[in-house]
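*Asks:* One structure is given below, represented as structure tokens, and several questions about it will come after.
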Amino acid sequence: MTTIAEFMTADHKACDGEFAVAETAALTDDWDDATAAFNAFRDDMARHFRMEEEVLFPALSSSGGPSGPVHIMLMEHAQIKELLKQMGAAVERKEGQEYSGLSETLLMVMQQHNNKEENILYPIMDQILANEREALFGRMQAA
């Protein structure tokens, strides 16, 4: 059976792959591909955040899990969403240098964020939410 950590880590890796495709296209001034790849990346990040914010975090909270790590993740989500907004504007303006700077910042933020989720928060969820895992997966896939 797949754990929450395995499921969500695989989703992180899928988003990371899309991030790399968008970055490569933007840095080579291939704006048609950059636009498509960035939009796919942004959409998948939004879906990932919905799975966490609408399903996993509330489930953890209602099960008496720690609120501190969730609060930190939500603050980081807000930071990532703002960077994605700025990156989207850079893509629309075809501003490669601006996109590059923002993508470097986002990469650092995402690496730190994903590390905390994968090594701290998801394992906590796997312990506390073990009996709810299948129902949570169904709800996450609908998010």
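The values are calculated or read from the model by the stated rules, or taken from the named source; none is laboratory data. Only a predicted model underlies this, so the values are computations on that prediction, with no experimental measurement involved. Virtual Cβ from ideal backbone geometry, glycine too; neighbours counted across all protein chains shown. Only protein heavy atoms, including side chains, enter the accessible area calculation; ligands, DNA and RNA are left aside. Shrake-Rupley method; radii C 1.70, N 1.55, O 1.52, S 1.80 Å.
*Asks:* So what is the accessible area of the range 60-110 per residue, in Å², with the probe set to 1.4 Å?
*Replies:* Details: 2750 Å² over 51 residues.
Result: 54 Å² per residue.
*Asks:* Show that you can apply the helix-only estimate: for the chain, add -39,500 (n - 2.57) for every DSSP H stretch of four or more residues, divide by all residues, and state [θ] at 222 nm to the nearest 500. Spell out each step's value before the answer.
*Replies:* Working: 7 runs with 115 residues, N = 143.
One gets -27000 deg cm²/dmol as the mean residue ellipticity at 222 nm.
*Asks:* Where in the range 9-77 are there GluC sites (Glu not before Pro) that are in a DSSP coil and have at most 12 other Cβ atoms within 10 angstrom of their Cβ? Numbers along the way, then the final one.
*Replies:* On the way: sites: 18, 23, 52, 53, 54, 76; in loops: none.
For GluC sites (Glu not before Pro) across the range 9-77 that sit outside H, G, I, E and B with at most 12 neighbouring Cβ atoms in 10 Å, the list is empty.
*Asks:* Over the chain, how many percent of alpha carbon pairs lie in each 5 Å bin up to the one with the longest distance?
*Replies:* Values per bin, smallest distances first: 2, 10, 20, 22, 17, 12, 9, 6, 3, 1.
*Asks:* Apply 1/(1 + (r/R0)^6) to the Cβ-Cβ distance of residue 39 and residue 126, taking R0 = 30 Å, and write down the FRET efficiency to the nearest 0.05. Don't jump to the answer; show the numbers that get you there.
*Replies:* Working: r = 32 Å, r/R0 = 1.07.
Efficiency, from the Cβ-Cβ distance: 0.40.
*Asks:* Counting only protein heavy atoms, what percent of the accessible surface of the range 36-120 is carbon or sulfur at a 1.4 Å probe? Intermediate values should be presented prior to the final figure.
*Replies:* Details: 2200 of 4250 Å².
Accessible surface attributable to carbon and sulfur in the range 36-120 totals 52 percent.
*Asks:* How much length would be gained if the chain were fully extended between residue 79 and residue 3, taking 0.36 nm per residue of separation minus their Cα-Cα distance, in nm to one decimal? Don't skip to the answer; put the middle values down first.
*Replies:* Values: separation 76, 0.36 × 76 = 27.36 nm, distance 2.71 nm.
Fully extending the segment from residue 79 to residue 3 adds 24.7 nm.
*Asks:* Nearest 0.05, what FRET efficiency do residue 141 and residue 20 give at R0 = 35 Å with Cβ-Cβ as r? Write out the running numbers ahead of the final one.
*Replies:* Working: r = 25 Å, r/R0 = 0.70.
After rounding to 0.05, the efficiency reads 0.90.
*Asks:* Would you kindly find the accessible area of residue 120, with a 1.4 Å probe and non-protein molecules such as ligands, DNA and RNA excluded, rounding to the nearest 10 Å²?
*Replies:* In the full protein context, residue 120 sits at about 90 Å².
*Asks:* While we're here: Calculate the FRET efficiency for residue 89 and residue 119 from the Cβ-Cβ distance with a Förster distance of 22 Å, rounded to the nearest 0.05. Spell out each step's value before the answer.
*Replies:* Details: r = 33 Å, r/R0 = 1.49.
Working from the Cβ atoms, E equals 0.10.
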